[in-house]
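To start, the structure itself, in structure tokens.
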Ligand code: PLP
Ligand code: TYF
């Protein structure tokens, strides 16, 4: 019975925060989890979110159940934010959108849809990718394999490898793509490369499956960060897109996101939506309302929407500033001639440093810098004041 159950391994990302908490050293730094911190390294609730929450309280919004598909105003807002309100896929009502339990829950619903309606179809995921992708598809019993993505030699994209692996996959596979700000590498395809990726996917009758967890957080612009998804939609392809508001609105614990399925007709979208609801119903019945109202109220009010955009630009800007300062500090302090420019080329919350597991252990054991063992550091958890200390730690660990 329960006595026979063995201990589960800790989550490789969230486990880092646990270890950090237990450390009492004065210089300790948590660069593990991808969560935005202020220059004082404190969690940040957006002003626009606080404003909307007080409005909601004043209005006395009730706590009745939402429908299975979530808040209608949210579903409309989230699809329009992703595709643009004037996109033909929206105008022609070809998108089935339902509210999900943030990015993770939305990905899990999509996986359930694949398992039920595309039995045996494989999902191709990038190597490396966000660790939870594998867990999600494993638990949904969806087979997956990896395509080449990161090239350690160039600390860049292995574009040839990526294309040939997508080409070699069985026709009609799902290809999981990070919409922007690839986690963990911070390396995105260029617009020209996106076109070529779309060509191969189209040739092979694959179905693109986007994970959009950082819209607005990569460039600071919501539209620019949705360009990859819109490029695929413009080709008239069917596609899946999971969205998250954890990072761009700082709603981590509210669990607010959505799954969008772009179909070839409005009729198909209606049927797909009915099936998504059928999958959601026995899992969690209906989603939470609070985060959905926050998003719908902000996106639905031009003044609040502009406030959000300004705060997002501020957050993305702070990360760019620490990225630059870290690079400058490394260049000044390191006498080995190592090329650090990859740090400036990477985008989003993370930097993939190329530190090995042993070197990452040195970062933590000797310098009290907490990070994942794949060499990823979250720049969102770094302050300008700590850049020089971090540069010392990185240089010491690389030459260790
Ligand atoms: N996908 C990627 C690539 C992520 O980095 C994350 C984490 O932020 C998620 C999905 C899901 O996060 P959440 O479930 O908090 O929306
Ligand atoms: O990669 C990260 O750090 C974020 C946060 O199970 C995260 O995506 C990490 C692990 C997890 C959920 C979210």
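Some values worked out for this structure:
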| quantity | calculated |
| --- | --- |
| Value of relative contact order over the chain, rounded to a whole percent, pairs C-alpha under 8 Å and six or more apart | 25 percent |
| Highest-fluctuation residue, 102, 246, 17 considered, GNM on the chain with Cα pairs under 10 Å | 17 |
| At R0 = 22 Å, FRET efficiency that the Cβ-Cβ distance of residue 18 and residue 361 yields, to 0.05 | 0.85 |
| Pair residue 339, residue 57: separation of 7 Å Cα→Cβ label points (nm) | 5.4 nm |
| Gain on full stretching of the segment that runs from residue 72 to residue 281 - 0.36 nm per residue minus C-alpha separation | 73.6 nm |
| With Cα atoms, 0 to 90° folded angle of helix 302-333 axis to the chain main axis | 30 degrees |
| Helix-only mean residue ellipticity at 222 nm for the chain, each DSSP H run of n ≥ 4 adding -39500 (n - 2.57), per residue, nearest 500 | -14000 deg cm²/dmol |
| Virtual spin-label span in nm between residue 385 and residue 27, 7 Å along Cα→Cβ | 1.5 nm |
| Rounded if a/c under 1.5, otherwise prolate or oblate - region 16-136, Cα gyration tensor axes | oblate |
| Fluctuation leader among 181, 253, 22 - the chain, Gaussian network, Cα springs under 10 angstrom | 22 |
| Separation between Cα centres of region 154-192 and region 206-255, rounded to whole Å | 15 Å |
| Potential lengthening between residue 40 and residue 301 on full extension [0.36 nm per residue; Cα-Cα distance subtracted] | 90.9 nm |
| Contour excess over end-to-end distance, with Cα ends at residue 224 and residue 116 and 0.36 nm allotted per residue | 35.5 nm |
| Among 107, 384, 251: highest mean-square fluctuation, GNM of the chain, C-alpha pairs under 10 Å | 384 |
| Rough spin-label spacing in nm, given labels placed 7 Å along Cα→Cβ, for residue 138 and residue 320 | 3.9 nm |
| Acute angle (nearest 10 degrees) that the helix 387-398 long axis makes with the longest principal axis of the chain, alpha-carbon atoms | 80 degrees |
| Nearest-ten-degree value, helix 290-299 long axis tilted from longest Cα axis of the chain | 90 degrees |
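Every number here is computed from the coordinates shown, using simple stated rules; none is lab data. Here the structure is a predicted model, which is why all the values come from computation and not from measurement. Backbone-built Cβ (ideal geometry, glycine too); neighbour counts: all protein chains shown.
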